[in-house]
1. Could you please state how large a percent of the accessible area of segment A:61-174 is carbon and sulfur, counting protein chains only and using a 1.4 Å probe?
2. What area, in nm² and to one decimal, does the C-alpha convex hull of segment A:61-174 cast on average over all directions?
3. Scan chain B and report its longest stretch carrying no GluC sites (Glu not before Pro) that are both in a DSSP loop and have at most 10 other Cβ atoms within 10 Å.
4. Just check segment B:78-152 against the gyration tensor rule for me: Cα atoms, a ≥ b ≥ c as the square roots of the eigenvalues, rounded for a/c under 1.5, and otherwise prolate or oblate depending on whether a/b exceeds b/c.
5. Percent antiparallel among DSSP beta bridges with both residues in segment B:1-73, to the nearest 5?
6. Taking the Cα centre of segment B:2-76 as origin and charging only Cβ (+1 Lys, Arg; -1 Asp, Glu), how large is the dipole, in debye to the nearest 20?
7. Based on the Cα coordinates of segment A:179-285, what is the per residue volume of their convex hull in Å³?
8. Counting only protein heavy atoms and a 1.4 Å probe, tell me what percentage of segment B:78-152's accessible area is made up of carbon and sulfur.
Amino acid sequence: MQVPASFDYQRAESVDEALELLRRYGEEARVVAGGHSLLPMMKLRLASPEVLVDINDLHELDHIALVGDELRVGALTRHRTLLESELVGRYFPIVHDAEKVIADPPVRNRGTIGGSLCQADPSEDLSAVCGALHALAVIRGADGERIVSMADFHQGPYETAVGVGEMLTEVRLPVLPGAGSAYEKVERKAGDWAVAAAGVALTLREGRIADAGVGLAAVGAGALNLHAVQTLLNGSEPSEALYEEAGRVASESCSPVTDGRGSAEYKRHLADELTRRALRRAVARAGRPIGSTAREA
Amino acid sequence: MRITVNVNGDDHTREVEPRHLLVRFLRDDLELTGTHWGCDTSNCGTCVVLMDGEPVKSCTVLAVMAAGHEIRTVEDLADGDRLDPVQQGFIEQHGLQCGFCTPGMMLSGRALLDRNPDPSEQEIREAISGQLCRCTGYLNIVRSIQWAARNGHEAAGSQT
Ligand SMILES: Cc1cc2nc3c(=O)[nH]c(=O)nc-3n(C[C@H](O)[C@H](O)[C@H](O)COP(=O)(O)OP(=O)(O)OC[C@H]3O[C@@H](n4cnc5c(N)ncnc54)[C@H](O)[C@@H]3O)c2cc1C
Ligand code: FES
Ligand code: FES
């Protein structure tokens, strides 16, 4: 049976206490949230932190609230809570699209949005989703809070802007009028990581696309922020020709590798096709009365 | 570390290492071997138990993280000689072959029915989608949970 290497365990009772522990133990410490990325890695000895700081009792980090024109989602919000949140589905159908295909119910009962983003695995669905939504990450440390964009948050595979002695506390999703969004994923079996996936979020203003965001998963790092395709979309009128062009640009701007899930060529093809599909659905959803996506199936 | 975990309604206090997994705490320390373990990689769902009423993979939860929470294992499904409707359903509909996946499947079925007494076939399939049956008896597992839904509304097994 696989067992992690020995470590010390600390259960934080407040964010301040968690930060204090992270500061005290420095490089040796890791936060544990759902543990569904970290514990498997520790069992395989791919990670061996000396101290785990458990944040599961920090209920203040488990919240979903509309504040002004932002949906604020606490870092400890579980996949399941996101999937069941009517507020999330109403404003961000892309999140529900993705959550339906992230892992399986027992994993979704534990895994958190904060853990997903901080794991920074290039296959992470919520990283692509939050990238497309131009989400903001709130990072707290001893000196207070700082807010970074998703582009700055993800610095490379398994690397984020969260420094030693800091933690992610909240994710903020901008609520935009006339917005539509969608996520498309191809996996080998139910609950599996993506072979490739694409998320699109945009708004429609006077028949033209504005504020376009595109995120890809599992097709190489750096695919999370796709300037070229976003520039192409912004200001354009939706059309099949535009979707085709966007798919082509998206597939050119990613860097998939051949592995057990498929060849690089196949994944590039998927990035193209899934971007088109997500775009088509995001446009169809945009401008519709809020909440009407629930009846689409 | 000294921890107290509530398992099947009783508090159990033990001295454990932080790296001790919940599945081992249940099987080795409490000798509740009804909780099976298979892949050890968080993939097969054999080790599913209920934590505060919801299915979790106990090979991917530290025992220390379960402290202060309520764990329910397959041993708690029957009430004395009276089987939970889900257990009865597995008998009526031949829901098990080798029995390896059965405890986890029954617990996920129980958790689903506690929340949704009348699930669709799709909802049942979704609820057990993280759990592998090596004997691939899915059809009868789904039928077993359907049987429990039809016959178990007033049964004593459900705790909520
Ligand atoms: C069988 C299986 C299938 C899966 N399938 C998918 C899938 O299809 N798609 C997908 O996207 N994911 C999938 N996952 C991953 C799952 O969604 C994880 O739960 C998630 O990636 C990590 O969340 P967590 O809360 O469990 O994080 P943890 O494992 O607790 O932590 C992950 C990392 O983030 C750090 N961390 C956590 N929270 C914070 C914080 N607030 N501040 C700073 N650092 C923090 C930890 O220190 C660690 O380095 C799967 C996992 C399993 C086991
Ligand atoms: S033994 Fe826990 S998921 Fe397979
Ligand atoms: S009955 Fe054999 S594994 Fe399911």
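1. Here it works out to 48 percent.
2. For segment A:61-174, averaging the hull's shadow over all directions gives 6.6 nm².
3. Details: sites that count: B:31, B:154.
Maximal segment without exposed cleavage sites: B:32-153.
4. Since a/c reaches 1.5 but b/c is at least a/b, the shape of segment B:78-152 is classed as oblate.
5. Details: 13 of 15 bridges.
Percentage antiparallel, nearest 5: 85.
6. Taking the Cα centre of segment B:2-76 as origin, the dipole is about 260 debye.
7. That works out to 83 Å³ per residue.
8. So the carbon and sulfur contribution to the accessible surface is 48 percent.
The values are calculated or read from the model by the stated rules, or taken from the named source; none is laboratory data. Treat the numbers as computed from the prediction; the structure is a model and nothing was measured. When we count neighbours, we look across all protein chains shown, and the Cβ atoms used for this are built from the backbone with ideal geometry, even at glycine. Each accessible area value is taken on the protein alone, full model and side chains, heavy atoms only, with ligands, DNA and RNA left out. Shrake-Rupley method; radii C 1.70, N 1.55, O 1.52, S 1.80 Å.
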